[in-house]
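Undergrad: Dropping the structure in here first, questions after.
The values are calculated or read from the model by the stated rules, or taken from the named source; none is laboratory data. Note that the coordinates shown come from a computational prediction; the quantities given were computed from them, not determined experimentally. Ideal geometry is used to build each Cβ from the backbone, glycine not excepted, and the neighbour counts take in all protein chains shown. All accessible areas refer to the heavy atoms of the entire protein, side chains included, with ligands and DNA or RNA removed. Shrake-Rupley method; radii C 1.70, N 1.55, O 1.52, S 1.80 Å.
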Amino acid sequence: MPETQQTACAKCSTTTRFFPSMPAEAIKCGQCGEKLFDGQPIDLTGETFHHHLSTNEIPVVVDFWAEWCAPCKMIAPEIIKAAHELEPHVRFAKVDTDEEQKLAGHNGIRGFPTLVIYKGGREVARHAGAMSTGQIKTWVREFL
């Protein structure tokens, strides 16, 4: 892994370099000063999706979910637990497919929840259905 990595800030979208060896809670945006990693998946929209995927040098795990989906509600806290343990080596994000139907369609989302891992802006893995925290961590670590 390189000495530094870069990610886009969830608050201001500025691309910021950081040392992955630092504790996630200590890494802040060089522009707005907000924490880059707080253990919560960032919300992506059609306007922000490609920017975040293309500027991240770390894998981005995107949860495509829907408010009415019971398995989506079950996996949400598991994703947060995984984020707390895997950040800053991975960026977790989510897309509300009811709000972003075009984005979901463009990414071939047909079931919920669907987790997709992107590296360098390209999809490298996909999993449909709920998983436990341990299963999420094991799956994601295959792509670090």
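Undergrad: Is it the case that residue 58 is among the β-branched types (Val, Ile, Thr) and more than 21 Å from residue 116 (Cα to Cα)?
TA: Details: among the β-branched types (Val, Ile, Thr): yes; more than 21 Å from residue 116 (Cα to Cα): no.
Considered against the rule, which asks whether it is among the β-branched types (Val, Ile, Thr) and more than 21 Å from residue 116 (Cα to Cα), residue 58 comes out as no.
Undergrad: Out of the residues in the range 11-41 meeting the condition of being in contact with a Ser or Thr (Cβ under 6 Å, 6 or more places away or on another chain) and more than 20 Å from residue 119 (Cα to Cα), tell me which one is most open to solvent (accessible area, probe 1.4 Å).
TA: That would be 31.
Undergrad: Same structure, new question: Which condition breaks for residue 54 when tested against (1) without any contact (Cβ under 8 Å) to a residue 24 or more places away in the chain; (2) out of contact with any strand residue (DSSP E or B) (no Cβ under 7 Å at 6 or more places or on another chain); (3) over 20 Å from residue 135 (Cβ atoms)?
TA: Condition not satisfied by residue 54: (1).
Undergrad: Another one. Report whether or not residue 70 is over 20 Å from residue 8 (Cα atoms), in contact with a Ser or Thr (Cβ under 9 Å, 6 or more places away or on another chain), at pLDDT 95 or above and of a type outside the set (Phe, Trp, Tyr).
TA: It is false that residue 70 is over 20 Å from residue 8 (Cα atoms), in contact with a Ser or Thr (Cβ under 9 Å, 6 or more places away or on another chain), at pLDDT 95 or above and of a type outside the set (Phe, Trp, Tyr).
Undergrad: Only one residue in 64, 19 is closer than 18 Å to residue 131 by Cα and of a type in the set (Phe, Trp, Tyr). Which one? Quick ask: steps written out before the conclusion?
TA: Numbers: 19 fails: closer than 18 Å to residue 131 by Cα.
Answer to the check: 64.
Undergrad: Restricting attention to the range 72-114, which residues are among the basic types (Lys, Arg) and in contact (Cβ under 8 Å) with a residue 24 or more places away in the chain? Working first, answer last.
TA: In the first step, residues of the range 72-114 are kept if they are among the basic types (Lys, Arg); the result is 73, 81, 91, 94, 102, 110.
Residues satisfying the conditions are 81, 91, 94, 102.
Undergrad: Criterion first (over 15 Å from the mean Cα position of the chain (by Cα), not in a strand (DSSP E or B) and not polar (S, T, N, Q)) does residue 39 satisfy it? Spell out how you get there, then give the answer.
TA: Details: over 15 Å from the mean Cα position of the chain (by Cα): no; not in a strand (DSSP E or B): yes; not polar (S, T, N, Q): yes.
The answer is no for residue 39.
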